[in-house]
1. From the list Lys145, Lys155, pick out the single residue that is in contact with a helix residue (DSSP H, G or I) (Cβ under 7 Å, 6 or more places away or on another chain), surrounded by fewer than 17 Cβ atoms within 10 Å (Cβ to Cβ) and not β-branched (Val, Ile, Thr).
2. Would a scan of the range 67-74 turn up a residue that is within 29 Å of Ser16 (Cα to Cα) and touching a strand residue (DSSP E or B) at 6+ places or on another chain (Cβ under 6 Å)?
3. Could you tell me whether the range 37-59 includes any residue that is touching a strand residue (DSSP E or B) at 6+ places or on another chain (Cβ under 8 Å) and touching a residue at least 60 places away in the same chain (Cβ under 8 Å)?
4. Taking strands (runs of 3 or more DSSP E) that fall entirely within the range 1-89, which contain at least 3 residues that are touching a Phe, Trp or Tyr at 6+ places or on another chain (Cβ under 8 Å)?
5. Taking His204 as meeting all but one of (1) in contact (Cβ under 8 Å) with a residue 12 or more places away in the chain; (2) over 30 Å from Leu90 (Cβ atoms), write down the number of the exception.
6. Just one of Cys66, Cys15 is assigned by TED's automatic domain parsing to the domain that holds Ala85 and free of Cβ contacts under 8 Å to residues at least 12 places away in the same chain; which is it?
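The values are calculated or read from the model by the stated rules, or taken from the named source; none is laboratory data. Remember, predicted model here, so these are calculated numbers, not experimental data. Cβ placement follows ideal geometry from the backbone for every residue including glycine, while neighbour counts extend to all protein chains displayed.
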Amino acid sequence: MTDRELEQLCTDVYCSVFNKRKARLEACFYPSKAIRHTIHLKRGVIRIKIADALQDAPEIILKTLCTILLLKLFKIKVDRRLYKAYREYLHANSHLFPESKHRPPNPRYTARGVYFDLEEIFDRLNRMYFQAQLERPVLGWSLRKAYRRLGFYNKEKNLLVISRIFDSAKTPLYVVEYLMYHEMLHIAIPTVHANGRRKIHSRHFRLKERQFPDYDRVQKWLDKNLKKL
């Protein structure tokens, strides 16, 4: 599909979705190392950019994607079936898209904190709960204090991070161990794909998470002390 054809398709979708005859709309494909798309409204003109990896996608998929973008632009709830159809297409045709090149982890990440050593904790929990089967990723305390994202695991960068607010004399060891255990479960338990959606915390994941010996005590401690760190 050409840029001109894409622009006409998006215009038709706009008129259909919003029951309007005309729209000041521009659309094009653009080189992208990832499957990312943008939509902006500036000075009365809607500008849509679609990753060129979808240039040969079926028209129905491009219409679906355009509908999603337009609805999100105007803050209208998107029917989950649209997301499902789009994600299923991406999943089924992932071999057609270029692999994303991820930057290596920031060298400023360090596992040794003032009070806790994340490598020592990872290795011990790996032996206790995972039969020493997990390969140790790059471990580090977050570069900034984070109160909402207490930890995360990035598979592409092979990076596991715990919020540095917990590297404190106020934090019990079992709390840091739980946070590490939670992120290690992300390594051990693959993400589930169901009905076109990614489910990071599956039922199996939640079950294993609650098997952590101090789970309830950790939750009570976090509820009481998180804002004090």
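1. When all the criteria are applied, what remains is Lys145.
2. Yes, because at least one residue in the range 67-74 is within 29 Å of Ser16 (Cα to Cα) and touching a strand residue (DSSP E or B) at 6+ places or on another chain (Cβ under 6 Å).
3. Within the range 37-59, none of the residues are touching a strand residue (DSSP E or B) at 6+ places or on another chain (Cβ under 8 Å) and touching a residue at least 60 places away in the same chain (Cβ under 8 Å).
4. Those strands (runs of 3 or more DSSP E) span 45-51.
5. Result: His204 passes all but (2).
6. Cys15
Here's the yes/no breakdown for (1) of a type in the set (A, V, I, L, M); (2) under 18 Å from Gly113 (Cβ atoms); (3) in contact with a Leu (Cβ under 7 Å, 6 or more places away or on another chain):
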site	(1), (2), (3)
Asn126	no, no, yes
Lys145	no, yes, no
Lys155	no, no, no
Leu179	yes, yes, yes
Glu183	no, yes, yes
Phe205	no, no, yes
Asn225	no, yes, no
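The rows are residues; the columns are (1) surrounded by fewer than 17 Cβ atoms within 10 Å (Cβ to Cβ); (2) over 15 Å from Leu71 (Cβ atoms).
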| site | (1), (2) |
| --- | --- |
| Glu5 | yes, yes |
| Gln8 | yes, yes |
| Cys15 | yes, no |
| Lys20 | yes, no |
| Leu25 | no, no |
| Cys28 | yes, yes |
| Ala34 | yes, yes |
| Ile39 | no, no |
